[in-house]
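Okay, so here's the structure we're looking at.
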Amino acid sequence: MKNLICIGQKEDDHGNVTSILVEAEYAQKYREKQRERNKRYYERKKAEEAEARRLAGIPEPVKKPPMTKEEKIARQVAWQKEYYKANPDKLEERRAKMRVYEKERRARLKMEKIMAAYTPAMA
């Protein structure tokens, strides 16, 4: 056998671990078959649910279009406003963390400027 890959491991009662090794080609074919089997299963399941809805007189669900980036940001901002309105102590905690972060950032940028000024002179 060549191109062996591990597809799983088993542990017996004594704590010994046994690896299940197979050839890479076999593993690839196995995974493809499994994907196909899963795909067929979910397609069949979807068709059965659609048929059950049709028999019950329930209309097909309308799929929502994906959210745009602006909608996601607006939703996140609205959530944050509500959260921090309900938890004012968390807002102050977050602001304190941001102040510390900004202070460290400014110090780091200042140090990088100083180092950049000295680097050419040293060379």
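The values are calculated or read from the model by the stated rules, or taken from the named source; none is laboratory data. It should be emphasised that the depicted structure is a prediction, and the values quoted were computed from it without experimental measurement. Using ideal geometry, Cβ is built from the backbone for each residue, glycine included, and neighbour counts are taken over all protein chains shown.
Conditions tested, residue by residue: (1) assigned to a helix (DSSP H, G or I); (2) modelled with pLDDT under 95; (3) of a type in the set (A, V, I, L, M); (4) under 30 Å from I7 (Cβ atoms).
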| position | (1), (2), (3), (4) |
| --- | --- |
| Q28 | yes, yes, no, yes |
| K39 | yes, no, no, yes |
| I58 | no, yes, yes, no |
| P66 | no, yes, no, no |
| K103 | yes, no, no, no |
- [ ] Might you check whether a residue that is part of a helix (DSSP H, G or I) and surrounded by 10 or more Cβ atoms within 10 Å (Cβ to Cβ) occurs anywhere in the stretch 1-22?
- [x] no
